[in-house]
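Colleague: Please read through the structure below; I'll follow up with questions.
The values are calculated or read from the model by the stated rules, or taken from the named source; none is laboratory data. Here the structure is a predicted model, which is why all the values come from computation and not from measurement. Note that each Cβ is placed from the backbone with ideal geometry, even for glycine, and that neighbours are counted across all protein chains shown.
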Amino acid sequence: MTKATLAFAMIVSTANLAVAQQQQQVEGNWVVTRFFRVHLRNGNCVDGDLVKRTDREVVLRLGAGEISFRSDQINKVEYVKMKSYNEASVFLPKKTPQPKAPESAGKPAVPPSDRTPDLADSDAPIPASISLDTANKVDQTIVTWKQANETERLDLSVALISMGPDIAPYLEFLLEKRARSTPLEPVAMALVALAEDRFLELYPKLMGGLNGQLRQAAVAGLAKATSSRRIPLLVEAMNDSDPTVWRTATDAVLSSTSNEADRRDLADQIASRIRTSKNNLGLAIALGRLGGPAAHAALWDLVNDSNETNRLIGLHGVGTLANPDDGPKVVGLLRERSETLKKQVCQTIGRMKYEKAAGDLVQLLDDPSDGLQKDARWALGQVTGKSYTDNEGWREWWNNFGSQDERFK
């Protein structure tokens, strides 16, 4: 059976790493995102651009490189098309009536299954407990913000906060019932600042929706909270399938770890979830960014797992951690029989820029696998700063220079 290939080409900045390179197009007032989702038999899902699909393997391109799965690892491959509202590109006054859906002579219309539901505004009236004067003031502030040129816009959340806690009930109503026409993130942040307890009660409803834009706003708001209740909620959000959601949650959680005890606690929480998480790659990246002995131990526990997928995910986290002391252990994994694992080892060495692996990487240029040779050349470029494109160039460099340089021995 042909072995699967898993190659993460190189990591982008940790603040902006994308799990999948998704193709986006603007269609009118909508942003359409298309990608492929591989459902694995271990319960995990991986999103990316489809590079190749045969009866033996499926290859996706992610933001950090290419990843390949054997057919016996896959439950199904799904083409996903998501449509989200492009809030910044259009102005919609709040009192604009929403058109009614046309009646169908046959079966009721069913939302397409190839995308998440769009944001929608409910027909629910403003509660009687909220004064119309308060609602009008908030609406006018939002309308003014929307109409302003982007370069001249003030911070909407600051403007709303300055209006005082009396507007909190209306902000909650907007998030829950007027999601389509409301600037979600600044309104969520304002609600947290004005009535944190109220926001925390609303938060599960926002996270229960299928639209990633709404969950992203909820997590962005939660990140501004001060209550200790926010930490377990943010850790749970790190498991979200939407990259924008889990990245925001990860950034917030990592920024809250101010001492070694916090880092150890968080590493333990992540480690307890990572094997069953649908976002185990994101959690491994979080451990790599977190650092410290507990995160280091958790990642190597994954690398030493009997499950190859866990080993590959662990190695990616080790590459993010980039601890030079790990270099010899990582290089030792090049002696493994699995080609898939050796490819990931090359990627990890490259991200660590572990110079003393150069000789071992040059030896891989004699491997019969073209794919493994390619990963070895990429890693050599990362650890040496050179840019040879073929094996002969690298062999000549090693024989004449590299093998005599103490940095690479």
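Colleague: Just one of (1) among the hydroxyl-bearing types (Ser, Thr, Tyr); (2) surrounded by fewer than 16 Cβ atoms within 10 Å (Cβ to Cβ); (3) part of a helix (DSSP H, G or I) trips up residue 129, so point out which.
Modeller: Among (1) among the hydroxyl-bearing types (Ser, Thr, Tyr); (2) surrounded by fewer than 16 Cβ atoms within 10 Å (Cβ to Cβ); (3) part of a helix (DSSP H, G or I), the lone unmet condition for residue 129 is (3).
For (1) surrounded by fewer than 23 Cβ atoms within 10 Å (Cβ to Cβ); (2) without any contact (Cβ under 8 Å) to a residue 24 or more places away in the chain; (3) in a helix (DSSP H, G or I), each residue gets a yes or a no:
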residue: 311; (1), (2), (3): yes, no, yes
residue: 332; (1), (2), (3): yes, yes, yes
residue: 346; (1), (2), (3): no, no, yes
residue: 349; (1), (2), (3): no, no, yes
residue: 357; (1), (2), (3): no, no, yes
residue: 371; (1), (2), (3): yes, no, yes
residue: 386; (1), (2), (3): yes, yes, no
residue: 399; (1), (2), (3): yes, yes, yes
residue: 407; (1), (2), (3): yes, no, yes
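Colleague: Name the residue, out of 318, 345, that is among the hydrophobic types (A, V, I, L, M, F, W, C), more than 21 Å from residue 247 (Cα to Cα) and out of contact with any Gly (no Cβ under 6 Å at 6 or more places or on another chain).
Modeller: On the way: 318 fails: more than 21 Å from residue 247 (Cα to Cα).
Of the residues listed, the single one that is among the hydrophobic types (A, V, I, L, M, F, W, C), more than 21 Å from residue 247 (Cα to Cα) and out of contact with any Gly (no Cβ under 6 Å at 6 or more places or on another chain) is 345.
Colleague: Taking only pairs six or more apart or across chains, which ones have beta-carbon atoms under 8 Å, a first residue in segment 151-180 that is in the same structural domain as residue 141 (by TED's automatic domain parsing), and a second residue that is part of a helix (DSSP H, G or I) and of a type in the set (Lys, Arg)?
Modeller: 163/137; 167/137; 168/198; 169/198; 172/198; 176/205
Colleague: Select from segment 323-348 the residues that are farther than 17 Å from residue 358 by Cβ and not charged (D, E, K, R) and write down the one among them that is farthest from the chain's Cα centre (by Cα).
Modeller: Applying the filter and picking the extreme gives 338.
Colleague: Now for a separate question. Tally up the residues in segment 340-369 that are more than 23 Å from residue 285 (Cα to Cα) and charged (D, E, K, R), please. Spell out how you get there, then give the answer.
Modeller: Of segment 340-369, the ones more than 23 Å from residue 285 (Cα to Cα) are 356, 358-369.
With charged (D, E, K, R) added as a condition, the list becomes 356, 360, 366-367.
Adding up the residues that qualify gives 4.
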